[in-house]
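A.B. asks: What follows is a structure written as structure tokens; I'll ask about it next.
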Amino acid sequence: MSERGSLTREGMTNGRRVWAAGPPLEAFSTVEMRRMLYDPSRTCPLGHLGVEPYEPYHTTWGIVERYYCPTCRESYTDPIKPKQRVEVAIIIAHYFGHVSTHRFPIVFRFIAQAIQLAQNMVLTVPSMEHAIVSSTTVGKTRRTYLSCSESTVKRVTGKYSALATPISADEITRLFRPKLSGYFGIDGFFIATIDGLRVCLVAHDLVTGDLVSMFFTSFQERLETEENCKVFVRRFLKTVRDVGADILQVVLDDREELWKACRAELPPDVILTLDVDHFMRKIDVKKLPEKYRTPKSRGMIAAIEFALRYSTSEDEAREILGYVREDRNHWLEEESPRARVGIKQILNSLNETNVSRLLSFFSVVERGRRLHFRSSNRTESAIGVLSAVFDSLNCLQANEQGQVNLIVLIARLMPATRDGKSSLQRGRVNRTLEDLMRILQMFNPNSPIQ
């Protein structure tokens, strides 16, 4: 792998490309990073130092901190208000609260923490539609209804999806510069919108689990066409290069549009690998399901599976697959008509092109790489989480791009159940759900922080 070290502006050290350790120095002078790093207790929105704490004021939602700038001679508040924390909690609950039992405790803890941080208020839920919020102010207790009706959720999601419209997955990757392994899975899935199904193509880091690049097709050209795939692959390549990393291996399924786009747009030394699990699933589900198999055909499939999944060298795998192809007549003898059709399809799929694609991961090993991948199961698992979110929404009806960006951003900040880290944290970017509101405000053109 590339030698790790400090990152220069060109992303090279002694002529060798290195891992990105964080945003380049010039990024800290951008408006977005100033907003991300802004501390209202140290400087006013215009950048004046020497600010003083001012008297906070109480609201229904909690206490809002205020500060005074002697230079501006004006007071100002923290840019993240208590109400915004609760609204972000509503968004996360709306999109991810019902995805799985594994993620629900994470979502619930975030909601409880957001409410507690917003104000020390007691939340009780008398019904599914409303929650009673009790907040203590000076000398008395106020009791307010926090509506969680459908109209409230639509208003809140519309508000924040508008903020997320310019915050694509590629923009976040270029800004925070996570550590990329160089091993990626590329796949796509359908998203239902009010105008019909549209494809979302994603590039997923197979080591860190981070979704580093994404392309949501337009209304005019919704499907996974070769041109859409080329646009996506070009964007993916530019994002990885901007971060200062290399693409070593890409694992994808057998869709020809993606293969043609990768061959046309990626450097020739990038290893493209056909997903072994996808290849075997096609045999199990479509070509020769279990109910049509005989002991002999089971032996043939077992030999193919051993060659693709458990062989220790490319020569060993090719030798086993060669024996399978040479005994074509043997595998077809005394089989039922349905089984003969399936066996022919299996043997035809073991052509030289597919075999080279299936075994290309051995080239990564021969080049001295420690890591290599035969399957994009990790990518499909990550896509499964996103698909569950979009399926639960029935269809996107407004600001489709903003909602897609917002959901993907939340997914990248969501801690995993196995280690409690977000995918960005596994890429050495210390960002969690707590930073969601601040990231959304980074790209807000109406922000007072300029």
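A.B. asks: Would you be able to say whether some residue in segment 147-169 is buried (at least 20 other Cβ atoms within 10 Å of the Cβ), in contact with a strand residue (DSSP E or B) (Cβ under 8 Å, 6 or more places away or on another chain) and modelled with pLDDT of 65 or more?
C.D. replies: Yes, there is a match, as at least one residue in segment 147-169 is buried (at least 20 other Cβ atoms within 10 Å of the Cβ), in contact with a strand residue (DSSP E or B) (Cβ under 8 Å, 6 or more places away or on another chain) and modelled with pLDDT of 65 or more.
A.B. asks: Tally up the residues in segment 64-93 that are assigned to a loop (DSSP other than H, G, I, E, B) and either of a type outside the set (S, T, N, Q) or under 30 Å from residue 392 (Cβ atoms) (or both), please.
C.D. replies: Of the residues in segment 64-93, the ones assigned to a loop (DSSP other than H, G, I, E, B) are 70-73, 78-81.
If we keep only those that are either of a type outside the set (S, T, N, Q) or under 30 Å from residue 392 (Cβ atoms) (or both) too, we end up with 70, 72-73, 78-81.
The number of residues fulfilling the criteria is 7.
A.B. asks: Could you please give the count of residues in segment 346-397 that are in a loop (DSSP other than H, G, I, E, B) and modelled with pLDDT under 85? Steps first, answer last, please.
C.D. replies: Here is the first cut: in segment 346-397, the ones in a loop (DSSP other than H, G, I, E, B) are 350-351, 359-360, 367-376, 393-395, 397.
Keeping just the survivors that are modelled with pLDDT under 85 gives 367-372, 393-395, 397.
Here the count works out to 10.
A.B. asks: Would it be correct to say that residue 355 is in contact (Cβ under 8 Å) with a residue 12 or more places away in the chain and farther than 24 Å from residue 205 by Cβ?
C.D. replies: Judged against the criteria, residue 355 is a match.
A.B. asks: Still on this model: Of (1) more than 16 Å from residue 203 (Cα to Cα); (2) modelled with pLDDT of 85 or more, residue 417 satisfies all except one. Which?
C.D. replies: Going through (1) more than 16 Å from residue 203 (Cα to Cα); (2) modelled with pLDDT of 85 or more one by one, residue 417 breaks only (2).
A.B. asks: Further question on the same structure: Filtering segment 400-450 down to residues that are over 13 Å from residue 211 (Cβ atoms), of a type in the set (A, V, I, L, M, F, W, C) and part of a helix (DSSP H, G or I), which residue is farthest from the chain's Cα centre (by Cα)?
C.D. replies: Among those residues, the one meeting the criterion is 442.
A.B. asks: Would you check if residue 336 is over 21 Å from residue 185 (Cβ atoms) and touching a His at 6+ places or on another chain (Cβ under 7 Å)? Don't jump to the end; show me each part of the working.
C.D. replies: On the way: over 21 Å from residue 185 (Cβ atoms): yes; touching a His at 6+ places or on another chain (Cβ under 7 Å): no.
Criteria not met by residue 336.
A.B. asks: In segment 382-401, is there at least one residue being under 28 Å from residue 201 (Cβ atoms), in the same structural domain as residue 296 (by TED's automatic domain parsing) and in contact (Cβ under 8 Å) with a residue 40 or more places away in the chain? Give the derivation first.
C.D. replies: As a first pass, look at segment 382-401 and keep what is under 28 Å from residue 201 (Cβ atoms): 382-401.
From the residues that got through so far, the ones that are in the same structural domain as residue 296 (by TED's automatic domain parsing) too are none.
Checking segment 382-401: not a single residue is under 28 Å from residue 201 (Cβ atoms), in the same structural domain as residue 296 (by TED's automatic domain parsing) and in contact (Cβ under 8 Å) with a residue 40 or more places away in the chain.
A.B. asks: Please go through segment 51-63 and pick out each residue that is at pLDDT 85 or above and either within 23 Å of residue 446 (Cβ to Cβ) or not in a strand (DSSP E or B) (or both). Even if it seems obvious, please write down each step before you answer.
C.D. replies: The first filter runs over segment 51-63 and keeps only residues at pLDDT 85 or above, leaving 51-53.
Passing the criteria: only 51.
A.B. asks: Among the residues of segment 304-312, is any touching a residue at least 60 places away in the same chain (Cβ under 8 Å) and part of a helix (DSSP H, G or I)?
C.D. replies: At the first step, the residues of segment 304-312 found to be touching a residue at least 60 places away in the same chain (Cβ under 8 Å) are 308-309.
Still in the list and also part of a helix (DSSP H, G or I): 308-309.
There is at least one residue in segment 304-312 that is touching a residue at least 60 places away in the same chain (Cβ under 8 Å) and part of a helix (DSSP H, G or I).
A.B. asks: Only one of (1) of a type outside the set (Phe, Trp, Tyr); (2) closer than 17 Å to residue 356 by Cβ; (3) not in a helix (DSSP H, G or I) is not met by residue 318, so which one is it?
C.D. replies: (3)
A.B. asks: Does any residue in segment 222-244 that is touching a residue at least 24 places away in the same chain (Cβ under 8 Å) come within less than 6 Å, Cβ to Cβ, of a residue that is surrounded by 23 or more Cβ atoms within 10 Å (Cβ to Cβ) and part of a helix (DSSP H, G or I) six or more places away or on a different chain, and which pairs are these?
C.D. replies: Going by the 6 Å Cβ cut-off, the qualifying pairs are 229/258; 229/261; 230/261; 233/261; 239/173.
A.B. asks: Output yes when any residue across segment 398-412 is modelled with pLDDT under 90 and among the β-branched types (Val, Ile, Thr), and no when none is.
C.D. replies: Scanning segment 398-412, I find no residue that is modelled with pLDDT under 90 and among the β-branched types (Val, Ile, Thr), so the answer is no.
A.B. asks: Continuing with the same structure: Suppose we filter 416, 388, 398, 411 for residues that are under 30 Å from residue 169 (Cα atoms), surrounded by fewer than 14 Cβ atoms within 10 Å (Cβ to Cβ) and hydrophobic (A, V, I, L, M, F, W, C); which single one remains? Spell out how you get there, then give the answer.
C.D. replies: Values: 416 fails: surrounded by fewer than 14 Cβ atoms within 10 Å (Cβ to Cβ); 388 fails: surrounded by fewer than 14 Cβ atoms within 10 Å (Cβ to Cβ); 411 fails: surrounded by fewer than 14 Cβ atoms within 10 Å (Cβ to Cβ).
Among 416, 388, 398, 411, only 398 is under 30 Å from residue 169 (Cα atoms), surrounded by fewer than 14 Cβ atoms within 10 Å (Cβ to Cβ) and hydrophobic (A, V, I, L, M, F, W, C).
A.B. asks: I'm told residue 112 meets every condition in (1) modelled with pLDDT of 80 or more; (2) assigned to a helix (DSSP H, G or I) except one. Can you identify the failing condition by its number?
C.D. replies: (1)
A.B. asks: Could I ask something else about it? Would you point out the residue of segment 190-219, among those that are in a strand (DSSP E or B) and of a type in the set (S, T, N, Q), that is nearest to the chain's Cα centre (by Cα)? Walk me through it before giving the result.
C.D. replies: The initial filter retains those residues of segment 190-219 that are in a strand (DSSP E or B), namely 190-193, 196-205, 211-216.
If we keep only those that are of a type in the set (S, T, N, Q) too, we end up with 193, 213.
Working: 193: 20, 213: 8 Å.
Restricting to residues being in a strand (DSSP E or B) and of a type in the set (S, T, N, Q), the top hit is 213.
A.B. asks: Which of the residues belonging to segment 236-258 are β-branched (Val, Ile, Thr) and part of a helix (DSSP H, G or I)?
C.D. replies: Within segment 236-258, the subset β-branched (Val, Ile, Thr) is 239-240, 243, 247, 250-251.
Correct list: 239, 240, 243.
The values are calculated or read from the model by the stated rules, or taken from the named source; none is laboratory data. None of these values were measured; they are calculated from a predicted model. All Cβ positions, glycine included, derive from the backbone under ideal geometry; neighbour counts span all protein chains shown.
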